[in-house]
1. Being part of a helix (DSSP H, G or I), among the hydrophobic types (A, V, I, L, M, F, W, C) and modelled with pLDDT of 95 or more is true for just one of Leu64, Leu50, Leu85, Leu6. Which residue is that?
2. Please go through region 106-117 and give me each residue that is crowded, with 21+ Cβ neighbours inside 10 Å and assigned to a helix (DSSP H, G or I), ordered by number.
3. Any residue that is in contact (Cβ under 8 Å) with a residue 24 or more places away in the chain, assigned to a loop (DSSP other than H, G, I, E, B) and either in contact with a Leu (Cβ under 7 Å, 6 or more places away or on another chain) or under 28 Å from Met18 (Cα atoms) (or both) - is there at least one of those in region 118-140?
4. If you go through region 9-27 one residue at a time, how many are at pLDDT below 95 and assigned to a strand (DSSP E or B)?
5. Test Gly42 against the stated conditions and say whether it is in a loop (DSSP other than H, G, I, E, B) and either farther than 26 Å from Thr75 by Cα or at pLDDT 90 or above (or both).
Amino acid sequence: MEIAGLVLAAGAGRRYGMPKALVAYGKKLLVQHAAETLREAGVTRRLVVLGAQAERVREAAPDLPDTVLNPDWATGMASSLRAGLEALTGTPAIAVVVLLVDMPAVTSEAVRRVAALGAPDALAMGGYGDRRGHPVLLGRNHWPGVMATATGDRGARDYLRAHAAQVRVVPVGDVADDADLDVRPDAGP
């Protein structure tokens, strides 16, 4: 009953000014931090989807777990989600926990809480008060539907809304923050 972990890290980070996978976060890169968050949560099968400057990311972060290249990364996050789910289809994983590279305050405890619901028919999201966010858990039975409906930068959003009655919201706001890094902290107005 394996739960996989998927880090979406393929974007060019246009608003940020560089691919977020290459952004320093403490003594690591954001992409390393996200992969480490999954490891600390006990996720053994981890996959990172790369795209923009993929070779540079691999060189800068040689300790990453398995990676897959999304050749369509410029079309948006949905293509990275599809690439990751397709790569995981040949594994025994019954569900996958999805993290975005630009949300470094999503913690391993948040991942553990959401992953605890892992089952082939599961859908779950982290809850932050009245907001829903990452980590997101997608049971294997839902992967074909997610891949069929994911478009642009919406990822699994439309699928999750269409199946709202099945989505379990797991409170994680006490141990995590879902803020994303869209622009550099030193960027002007």
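The values are calculated or read from the model by the stated rules, or taken from the named source; none is laboratory data. Being a predicted model, the structure only gives us computed values, none of them experimental. Counting neighbours? That spans all protein chains shown, and the Cβs are built from the backbone with ideal geometry, glycine included.
1. None of the others qualify; the one that does is Leu85.
2. Ala110, Val111, Arg113, Val114, Ala115
3. Checked against the condition, which is being in contact (Cβ under 8 Å) with a residue 24 or more places away in the chain, assigned to a loop (DSSP other than H, G, I, E, B) and either in contact with a Leu (Cβ under 7 Å, 6 or more places away or on another chain) or under 28 Å from Met18 (Cα atoms) (or both), region 118-140 yields at least one hit.
4. Final tally of qualifying residues: 2.
5. yes
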